[in-house]
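*Asks:* This structure is in C-alpha cells; I'll ask about it shortly.
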Amino acid sequence: MEIKSNKKYKYTKTIRNWLLLGLIMLIGQVIIGGITRLTGSGLSITRWDIITGVIPPLNAEEWLHEFNLYKATPQFHKINSTFTIQDFKFIYFWEYFHRLWVRALGFIFLIPFLIFVVRKKINGYLIKRLGLVVFLTILTASAGWIMVKSGLVNRPWVNAYKLTIHFMLALLVITAMVKTIADVYNYGTRKAIKSKKIVSLVIAITFIQMIFAGLMSGMRAGLYYPSWPNMNGEFLPAVLLNSENWVWDNMINYDSYLFAPAFIQFTHRMLAYLLLVITVYMFLRLRNKISLFSKNWLNTALFLLILQVVLGILTVLNVEGKIPLFLGTSHQLVGVLFLMSLLFLNYSLRKQKA
C-alpha cells in the first residue's frame with residue numbers, strides 16, 4: 001500500500017498538533033465512555049438535547065426534575081431504587097461529562113477546520129479525510145443515543161449489541177484519524193517490506209477481539225466467571241458443551257441464561273491467547289527487517305499487548321459483584337492503544353511514493 005496524500009503539500013506544525021490533539025481527545029472519549037459504563041451512569045440522562053444539554057442542573061429544583069425523569073426508568077426501579085439525590089448526581093456527572101466531551105471535541109474540530117479551509121492551510125485530501133472522521137463521529141454519537149434508548153424501556157441496561165456497535169464505530173473514528181495523521185506525518189518506507197502482511201492479520205484479529213470486548217462489556221460477561229486460568233474450575237464451561245444450548249434465542253436473551261456470557265468470555269480469552277502468540281511471532285519476524293522508527297512501534301505493540309493480557313487477568317480476578325473501575329478502564333485504554341500502535345506500525349511499513 002502506498003501513501004496517497006500529496007507529498008508536495010507541506011502541513012504546518014499547527015495543523016499537525018491540532019490533529020494530534022484531536023486523536024488524544026478521541027481516546028479520552030472512549031475512556032470516559034468506559035467509565036460511564038462501569039459506573040452504571042449511561043442511563044442517568046434520559047434526553048438528548050444537543051444545545052440545551054450543555055447546561056447541567058443549576059439548582060435544587062432542576063436536580064429534582066432530572067432525578068424524577070430518571071426514576072421513571074427501568075434501571076431505577078430494578079437496580080437503583082434506593083438511590084438518593086446525591087447518588088444520582090454521581091452517575092449524572094459521568095454521563096454529562098461524556099456528552100460534554102463530545103461537544104468539546106466537535107468544537108475543537110469544527111472551528112479550526114473552518115479557519116484552516118478559509119485560509120487554505122489544508123488541501124483537498126485532508127479535507128476529505130477529516131470529512132470522513134466527522135461523518136463517523138456523528139454516526140457514533142447517533143448510535144450512542146440509540147444505545148441509550150435501548151435501556152430506557154423494559155430493561156435496566158443498554159442492549160449489548162447496540163453498545164458493541166457504538167464501541168466499534170468509535171474505534172473506526174480513531175482508525176480514520178490515525179490514517180490521517182500517518183499521512184500528514186508522511187509515514188512510510190523507501191523499500192517495500194514483504195513480511196508486512198502479518199501486521200494486517202494481527203490488526204484483523206484485533207478488530208474481531210474488540211467486537212467480543214464490546215459484547216463482554218454489554219453482557220457483563222466478566223461477572224459470571226471471575227477466575228483464571230480456568231472458568232469457575234472448567235477450561236470450557238459445561239453450558240457450552242450441551243448442543244441444545246446452541247440456539248440464537250440464548251444469544252438474544254443473554255440476561256436470562258448463562259450460555260451467551262459463557263460463550264463470549266471463553267471466545268474473548270481464546271482470542272487473547274491467539275493474539276499474544278501471533279504478535280510475538282510478528283515481533284520475531286519483523287524486528288530485524290524494519291527501520292528503527294517502525295521497530296519502536298513494533299516494540300510498543302508487543303509491550304501493550306502483554307500489559308493488556310495482565311490487566312485482563314487482574315480485572316477478572318478482582319471482580320466482586322462488579323468490574324473494578326480502575327482495572328476495567330485501564331484494560332479498555334490499553335486495548336485502544338494497542339490497536340493504534342498496530343495501525344501506526346502498519347502505515348510506517350508501507351512504501352512511499354517516489
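*Asks:* Determine which single condition Ala60 fails, assuming it passes every other condition in (1) without any contact (Cβ under 8 Å) to a residue 60 or more places away in the chain; (2) in contact with a helix residue (DSSP H, G or I) (Cβ under 7 Å, 6 or more places away or on another chain).
*Replies:* (2)
*Asks:* For the range 244-258, how many residues meet the condition of being outside any loop (DSSP other than H, G, I, E, B) and either open to solvent by less than 80 Å² (accessible area, probe 1.4 Å) or under 19 Å from Trp157 (Cβ atoms) (or both)?
*Replies:* 5
*Asks:* Considering only residues that are of a type in the set (A, V, I, L, M) and crowded, with 21+ Cβ neighbours inside 10 Å, look in the range 291-303 and name the one that is farthest from the chain's Cα centre (by Cα).
*Replies:* The qualifying residue farthest from the chain's Cα centre (by Cα) is Leu298.
*Asks:* Also: Being assigned to a helix (DSSP H, G or I) and open to solvent by 30 Å² or more (accessible area, probe 1.4 Å) is the requirement here; does Leu307 meet it?
*Replies:* Taking the combined requirement at face value, the residue satisfies it.
*Asks:* Go through the residues of the range 315-337 one by one and say whether even a single one is part of a helix (DSSP H, G or I), in contact with a His (Cβ under 6 Å, 6 or more places away or on another chain) and either on the phi < 0 side of the Ramachandran plot or at pLDDT below 95 (or both).
*Replies:* Yes, the range 315-337 has at least one match.
*Asks:* Now a separate question. Would you check which residues across the range 58-86 are over 19 Å from Val148 (Cβ atoms) and either assigned to a loop (DSSP other than H, G, I, E, B) or of a type outside the set (Phe, Trp, Tyr) (or both) and list them?
*Replies:* Across the range 58-86, the qualifying residues are Leu58, Asn59, Ala60, Glu61, Glu62, Leu64, Ser81, Thr82, Thr84, Ile85, Gln86.
*Asks:* Right, here's the next one. Of all residues in the range 161-179, which are within 13 Å of Ser348 (Cα to Cα) and either without any contact (Cβ under 8 Å) to a residue 60 or more places away in the chain or in contact with a helix residue (DSSP H, G or I) (Cβ under 6 Å, 6 or more places away or on another chain) (or both)?
*Replies:* Within the range 161-179, just Val178 meets the criteria.
*Asks:* Being part of a helix (DSSP H, G or I) and polar (S, T, N, Q) is the filter; apply it to the range 290-304 and report the residue that is farthest from Thr180 (Cα to Cα).
*Replies:* Top of the filtered list is Asn299.
*Asks:* Here is a check on your reading of the model: is Phe283 over 23 Å from the mean Cα position of the chain (by Cα), among the hydrophobic types (A, V, I, L, M, F, W, C), more than 21 Å from Asn230 (Cβ to Cβ) and surrounded by fewer than 19 Cβ atoms within 10 Å (Cβ to Cβ)?
*Replies:* When the stated conditions are applied, Phe283 passes them.
*Asks:* Please determine, by comparing only the residues of the range 7-43 that are free of Cβ contacts under 8 Å to residues at least 40 places away in the same chain and in a loop (DSSP other than H, G, I, E, B), which one is farthest from Gln75 (Cα to Cα).
*Replies:* By that ranking, first place goes to Lys8.
*Asks:* Which condition number does Ser142 fail, the rest of (1) open to solvent by 60 Å² or more (accessible area, probe 1.4 Å); (2) in a helix (DSSP H, G or I) being met?
*Replies:* The number of the failed condition is (1).
*Asks:* Pick out the one residue from Met282, Met251, Met270 that is of a type in the set (A, V, I, L, M), closer than 25 Å to Lys196 by Cα and free of Cβ contacts under 8 Å to residues at least 40 places away in the same chain.
*Replies:* The conditions single out Met270.
*Asks:* Sticking with this one: Taking the criterion of being closer than 21 Å to Val134 by Cβ, out of contact with any Leu (no Cβ under 7 Å at 6 or more places or on another chain) and modelled with pLDDT of 85 or more, would at least one residue in the range 5-12 satisfy it?
*Replies:* Yes - at least one qualifying residue is present in the range 5-12.
*Asks:* Among Phe113, Phe88, Phe109, which is open to solvent by 40 Å² or more (accessible area, probe 1.4 Å) and of a type in the set (Phe, Trp, Tyr)?
*Replies:* So the residue among Phe113, Phe88, Phe109 that is open to solvent by 40 Å² or more (accessible area, probe 1.4 Å) and of a type in the set (Phe, Trp, Tyr) is Phe113.
*Asks:* Something else: Out of Leu21, Leu69, Leu64, Leu38, which single residue is modelled with pLDDT of 85 or more and touching a Ser or Thr at 6+ places or on another chain (Cβ under 6 Å)?
*Replies:* It is Leu69.
*Asks:* So, in the range 180-206, how many residues would count as being touching a helix residue (DSSP H, G or I) at 6+ places or on another chain (Cβ under 9 Å), under 15 Å from Arg129 (Cα atoms) and either open to solvent by less than 30 Å² (accessible area, probe 1.4 Å) or modelled with pLDDT under 85 (or both)?
*Replies:* 5
*Asks:* Give the range 111-129 a look and list any residue that's part of a helix (DSSP H, G or I) and free of Cβ contacts under 8 Å to residues at least 24 places away in the same chain, or say none.
*Replies:* Once the filter is applied, which keeps residues that are part of a helix (DSSP H, G or I) and free of Cβ contacts under 8 Å to residues at least 24 places away in the same chain, the range 111-129 yields Ile111, Phe113, Leu114, Ile115, Val117, Val118, Gly124, Ile127, Lys128.
*Asks:* Filter the range 320-335 down to the residues that are surrounded by 19 or more Cβ atoms within 10 Å (Cβ to Cβ) and in contact (Cβ under 8 Å) with a residue 24 or more places away in the chain and list them by number.
*Replies:* Ile323, Gly328, Thr329, Gln332, Val334, Gly335, listed by residue number.
The values are calculated or read from the model by the stated rules, or taken from the named source; none is laboratory data. Small disclaimer: the values here were computed from a predicted structure and weren't measured. Counting neighbours? That spans all protein chains shown, and the Cβs are built from the backbone with ideal geometry, glycine included. Each accessible area value is taken on the protein alone, full model and side chains, heavy atoms only, with ligands, DNA and RNA left out. Shrake-Rupley method; radii C 1.70, N 1.55, O 1.52, S 1.80 Å.
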